[in-house]
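Structure, as structure tokens:
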């Protein structure tokens, strides 16, 4: 695959796509090198699993053995991340040495266990040898000094067993103090954390850099940093491969989301060959900015019978596509080193999905930069921003200097549009493109099939035809979203934010050129540098009105 070739993703009639195509052709000449499509095969290893009482330690070991054998069969290199108690087990040590001989790597899985805590000279507070609750099973439940002891104990034991410190450490979530300490003292080069989710297992990570990887803030490992001096120099890769169209809305209006991901244990997603083919087509053939990324693999707690069908198929697909040159399979540390060599700051990336895995036929675009993330969805011939979150390195996490005492964990960023948390089971939130009708009412603008592609380094342009004539052109760059609406027969357009009633919203002021908001002790804003902001008084939200020439710009980089 020649990934320098710029793809026009979708079919659009008329001059809108012609203008975009001309931009793409010009951009082709500026491409410096191919943007890779990277897959990490990461399996994380637990010694014991107390939740399903019928899973034995032997079941867990046999699952990891089968994962090693699967990589050997395809001659692929993967990453195995071990909890401390699994690290101490001679059987896992022998198995990992076998994997190392085949080119795989071994690293740390940062879930805290009883042997780990006791080896650090502390008292275990959990109900089981491994307790999944956030205040005992993760680094956020410990003081900064205790976190350093846990790191030192693990690293010393790892080096004694394998002769060197690990260069990759992952977890569902790692606090910034721990990650910085690992980077400074032990020189880890890569980390990984959980996909965005609400409530799953009691862990909420919401509003972050949606996929690929980012440099985290020194104050908040979930928050991308905006400046080199405030970033931890370890890229954090997002795991589990969420369905970019359907995962976001799974469980809409409920306290917790469903799961629609690449995880092979889930039969409607990563356990389904049809879904897997769809996902890898999107990964390898869709538009790409800096790089594309997906993590294949599963924790051994799900056991081999549950994951076998999906994981065997995924690894076979990754093998085939790798041999064809459509993607590259790397260890997590290799990806981390590549990222650090290529990017001094978090790059802009995108995911473009113009084919739905479900019959609804929806389409979506995700754009991420060091300043913000944005998501647009097309459904039922309408267009809406489903999500816009801002990033700010000044916002500390609740766990930066104090241990979390709750059994749950909460990491968030700064919402401007939150289509999940501001929705209900009957009202779907979003920033919708609407038009004024002859009777003075407003309705969603009927639109056609969008086209998307890179039009400059780090810049994604998406053009959507308006069925009555004209188009909506959106340009995403790392600092701003620029929109140009070409009107038809004097039509009046605007974007209106609607939410479910009685939802708590962060807005503190709606000004003609600015939306102001506040989370905790931090004020933030979205600056409207073209167009005008208005207040939707009945709903305490805002609307965006373009200038006379149809221009509308939101600067999301000002702090």
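Bear in mind that the values in this text are calculations on the coordinates, not laboratory data. No experiment lies behind these values; they were computed from the predicted model shown. Because the Cβ atoms are built from the backbone with ideal geometry, glycine has one as well, and the counts that use them run over all protein chains shown.
Packing around the peptides 440-446, 141-147, taken as the average count of other Cβ atoms within 10 Å per residue, puts them in this order, highest first: 141-147, 440-446. Under the shape rule built on the C-alpha gyration tensor, where the axes satisfy a ≥ b ≥ c, region 37-342 is rounded, since a/c falls short of 1.5. Antiparallel as a % of all DSSP beta bridges within the chain, to the nearest 5? If I count the DSSP bridges inside the chain, around 75 percent turn out antiparallel.
Give the distance, in whole Å, between the Cα centre of region 493-529 and the Cα centre of region 65-85. Spelled out, the Cα-based centre of one part sits 47 Å from the other.
Using 0.36 nm per residue and subtracting the Cα-Cα separation, the extra length available between residue 508 and residue 492 on full extension is 3.0 nm.
Multiplying the residue separation of residue 183 and residue 532 by 0.36 nm and removing their Cα-Cα distance gives an extension gain of 121.2 nm. Region 90-111 and region 437-489 have their alpha-carbon centroids 50 Å apart. For the chain, the longest principal axis of the Cα atoms and the long axis of helix 332-342 meet at an angle of about 50 degrees.
Highest mean packing comes first when the peptides 289-297, 68-76 are listed by Cβ atoms within 10 Å, giving 289-297, 68-76. Relative to the dominant Cα principal axis of the chain, helix 144-162 is inclined by about 60°. Take the Cα of residue 436, step 7 Å along the line toward its Cβ, and report every residue of region 525-559 whose backbone nitrogen sits under 17 Å from that point. Only 531-537, 543-552 fall inside the zone, counting backbone N under 17 Å. For the chain, rounded, prolate or oblate, judged on the Cα gyration tensor with a ≥ b ≥ c (square roots of eigenvalues), a/c < 1.5 rounded, else prolate if a/b > b/c? Prolate.
Placing a label point 7 Å from the Cα of residue 427 along the Cα-to-Cβ line, the residues of region 493-536 whose backbone N sits under 13 Å from it are 497-505.
Between helix 304-323 and the chain there is an angle of about 70 degrees, using the helix long axis and the longest principal axis of the Cα atoms.
Label positions at residue 316 and residue 54, each projected 7 Å from the Cα along the C-beta direction, are separated by 2.7 nm.
What is the distance in Å between the Cα centroid of region 320-377 and that of region 241-297? So the two Cα centres are separated by 12 Å.
Remark: spin-label model distance residue 360-residue 145 equals 5.1 nm, labels positioned 7 Å along the Cα→Cβ axis. Computed on the chain, with alpha-carbon pairs under 8 angstrom and 6+ residues apart, the relative contact order is 15 percent. Entry note, the chain: the mean residue ellipticity at 222 nm calculated from DSSP H runs of n ≥ 4, each adding -39500 (n - 2.57), is -7500 deg cm²/dmol after division by the residues and rounding to the nearest 500. Placing pseudo-labels 7 Å out from each Cα toward the beta carbon at residue 337 and residue 152 gives an inter-label distance of 2.9 nm.
Packing, as the average of other Cβ atoms within 10 Å across residues, places the peptides 454-465, 391-402, 546-557 in the order 454-465, 391-402, 546-557, highest first.
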